[in-house]
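Take a look at the structure below.
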Amino acid sequence: MGVEFEVVVYAPAQPAAERALDAAFARIAELDRLLSDYDPASELSQLSLSSSPPRRELGMPPQPVAVGRDLWEVLSFAQQMSEATGGAFDVTIGPLTRLWRRARRQRELPEAAELAQARASVGYRAVQLDRAGRRVTLHKPRMRLDLGGIAKGYAADEAIRAVQACGLSRALARASGDIATADPPPGETGWLVGVAPLDPDQPPQRMLRLTHRAVSTSGDARQHLVVGGRRYSHILDPRTGEPVHGRSSVTVIAPLGMLADSLATACSVVGPEEALRLVARFPGSELLMVHEDEQGRLTEVQSPQFWAYEAPPQEVRAVREALQRRSTDPQPAQNPK
């Protein structure tokens with residue numbers, strides 16, 4: 001899925017840990033083969049091909065495509081999130097993400113005609129789900145599904161389930177900025193997770209203690225485009241086809257990784273005030289959002305119970321001091337072998 005995965009487990013013996021890790025990474029690899037839009041052979045990519053122009057040019061109507069359980073689960077949840085967010089979250093955004101990825105590589109803005117064509121292929125209402133037959137129909141030509149704002153959270157959830165199926169309960173799964181947790185490490189009240197600051201080169205200013213919760217951070221600190229002195233985020237508004245304005249760091253805590261992932265994406269699009277109202281609609285979910293507009297003005301908002309998950313200041317200080325020591329300690333010479 002284009003990101004690094006990490007799984008941490010605690011076990012009574014190494015063989016048990018290795019079995020659980022093998023199961024977790026086998027599940028992650030399976031989901032990568034199914035849900036990645038980077039892989040043209042994935043089930044997701046093959047579904048997108050059902051809306052390819054040649055079929056429409058030959059006069060062929062949209063055809064329903066039977067999909068497997070995992071893709072169905074993710075697409076069903078994605079459609080619910082699209083409805084709940086008024087289209088601020090939309091997995092049909094693929095034509096736009098492909099266009100803006102190329103723009104970042106080439107360091108130039110897309111042509112207006114290209115943007116218009118991509119926008120014409122986007123719209124979650126053009127995805128029809130047939131629950132009885134578990135089939136999906138894409139009703140617009142050139143549609144391309146992109147699960148980048150939801151599949152990593154789902155994969156983290158599934159990695160935790162794979163560990164638990166092996167009889168272990170203390171686990172954490174991380175897919176880049178999407179984390180799912182089960183029981184905490186021995187002697188701890190929760191997994192200690194740093195909240196990414198607006199400046200990614202700085203250590204975390206706040207930390208969370210999480211148990212049986214997921215957390216997702218969405219931000220554009222490292223992925224953006226600057227043209228003519230203006231900054232263009234990699235986070236796109238599906239409703240306009242344009243990057244969102246200003247810098248942001250959005251952290252969402254939720255009962256499931258799939259929810260935290262998609263909510264963080266939607267909150268990045270709608271902005272601080274609407275994000276608070278949006279998160280309030282999902283029980284058990286909390287938000288911290290820091291936003292800097294194009295004039296450099298900072299806005300920070302958090303939901304009423306976000307503080308309940310925060311680690312005390314002395315723990316945060318201890319972690320920051322440890323990180324500083326690690327960054328200044330001389331590194332051992334690397335073995336050339």
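The values are calculated or read from the model by the stated rules, or taken from the named source; none is laboratory data. Everything numeric here is computed off the predicted structure, so don't read it as measured data. Cβ atoms come from the backbone with ideal geometry, glycine included; neighbour counts cover every protein chain shown. Protein only, heavy atoms only, side chains kept; ligands, DNA and RNA dropped before computing areas. Shrake-Rupley method; radii C 1.70, N 1.55, O 1.52, S 1.80 Å.
Remark: accessible surface ordering of D237, D32 (largest first) is D32, D237, probe radius 1.4 Å. Other residues whose C-beta falls under 15 angstrom from the C-beta of E30 contribute a net charge of -3, scoring Lys and Arg +1 and Asp and Glu -1. Mean-square fluctuations from a GNM of the chain, with a 10 angstrom spring cutoff on Cα atoms, peak among L298, L259, L278 at L298.
Per-residue surface analysis assigns F77 an accessible area of about 40 Å², computed on protein heavy atoms at 1.4 Å probe radius.
Helix 151-165 sits at what angle to the longest principal axis of the chain, using alpha carbons and giving 0 to 90 degrees rounded to 10? Taking the Cα atoms of the chain, the angle to 151-165 is about 50 degrees.
Between the beta carbons of E292 and S50, assuming R0 = 51 Å, the FRET efficiency works out to 0.80 to the nearest 0.05. Reported value for the stretch 133-247: 151 Å³ per residue, from the convex hull of its C-alpha atoms.
Karplus-derived 3J(HN,Hα) values for the stretch 310-325, using 6.51 cos²θ - 1.76 cosθ + 1.60 with θ = phi - 60°, are 7, 6, x, x, 5, 5, 5, 4, 5, 5, 4, 5, 5, 5, 5, 5 Hz; glycine and proline are entered as x. Amide H contacts for G123 (H built 1.01 Å from N in the peptide plane; partners 5 or more residues away or on another chain; cut-off under 5 Å): T92.
Over the chain, dividing the summed -39,500 (n - 2.57) contributions of all DSSP H runs of at least 4 residues by the number of residues returns a 222 nm mean residue ellipticity of -12000 deg cm²/dmol. For the stretch 103-120, the Karplus equation 6.51 cos²θ - 1.76 cosθ + 1.60, evaluated at θ = phi - 60°, returns couplings of 4, 5, 5, 8, 6, 8, 6, x, 5, 4, 5, 5, 5, 4, 5, 5, 4, 5 Hz by residue, with Gly and Pro reported as x.
What the Cα convex hull of the stretch 226-308 gives, in volume per residue, is 95 Å³. Rounded to whole Å, the principal axis extents of the Cα atoms in the stretch 75-212 read 58, 46, 25, largest first. Set the Förster radius R0 to 35 Å, insert the Cβ-Cβ distance between Q106 and D22 as r into 1/(1 + (r/R0)^6), and round the FRET efficiency to 0.05. Given R0 = 35 Å and the Cβ-Cβ separation, E is 0.30. Taking D146, D199, D178 as the candidate residues, the one with maximal mean-square fluctuation in a Gaussian network model of the chain, Cα springs under 10 Å, is D199. S42 sits among other residues whose Cβ lies under 10 Å from its own Cβ, and their net charge, with Lys and Arg +1 and Asp and Glu -1, is -3.
Under the 0.36 nm per residue contour assumption, what length would be gained going from the current alpha-carbon distance of A280 and W72 to full extension? Extra length from A280 to W72 when fully extended: 72.2 nm. Specify the inter-centroid distance of the stretch 235-292 and the stretch 1-35, based on alpha-carbon positions, in whole Å. Rounded to whole Å, the Cα centres lie 28 Å apart. What does the charge count near T181 come to, summing +1 for each Lys or Arg and -1 for each Asp or Glu among other residues with Cβ under 13 Å from its Cβ? In short, 0.
At full extension, R325 and D130 could sit 64.6 nm farther apart than now, given 0.36 nm per residue minus the alpha carbon distance.
Here's how it looks for R247: its modeled amide H is under 5 Å from those of E292, which are all 5 or more places away or on a different chain. Shown here: the chain, whose C-alpha atoms stretch 64, 51, 51 Å along the first, second and third principal axes, sorted largest to smallest. Under 5 Å between amide hydrogens, built in the peptide plane, is the criterion, and for L256 it picks out A214 among residues at least 5 positions away or on other chains.
Taking all protein chains together and rolling a 1.4 Å probe, R104 ends up with roughly 60 Å² accessible. How would the stretch 19-139 be classified by its alpha-carbon gyration tensor: rounded, prolate or oblate, with rounded meaning a/c under 1.5 and the a/b versus b/c comparison settling the rest? Note, shape of the stretch 19-139 comes out oblate. Residue-wise HN-Hα couplings along the stretch 296-307, as the Karplus relation 6.51 cos²θ - 1.76 cosθ + 1.60 with θ = phi - 60° gives them from phi, are x, 7, 9, 10, 10, 10, 8, 6, x, 10, 4, 4 Hz; Gly and Pro carry x.
From the alpha carbon centroid of the stretch 309-326 to that of the stretch 108-182 is 34 Å. Rounded to the nearest 0.05, what FRET efficiency do W307 and E6 give with R0 = 25 Å and r taken as the Cβ-Cβ distance? Could you check? Result of the calculation: an efficiency of 0.40.
Comparing R142, R107, R27 in a Gaussian network model of the chain (Cα springs below 10 Å), the most mobile by mean-square fluctuation is R107.
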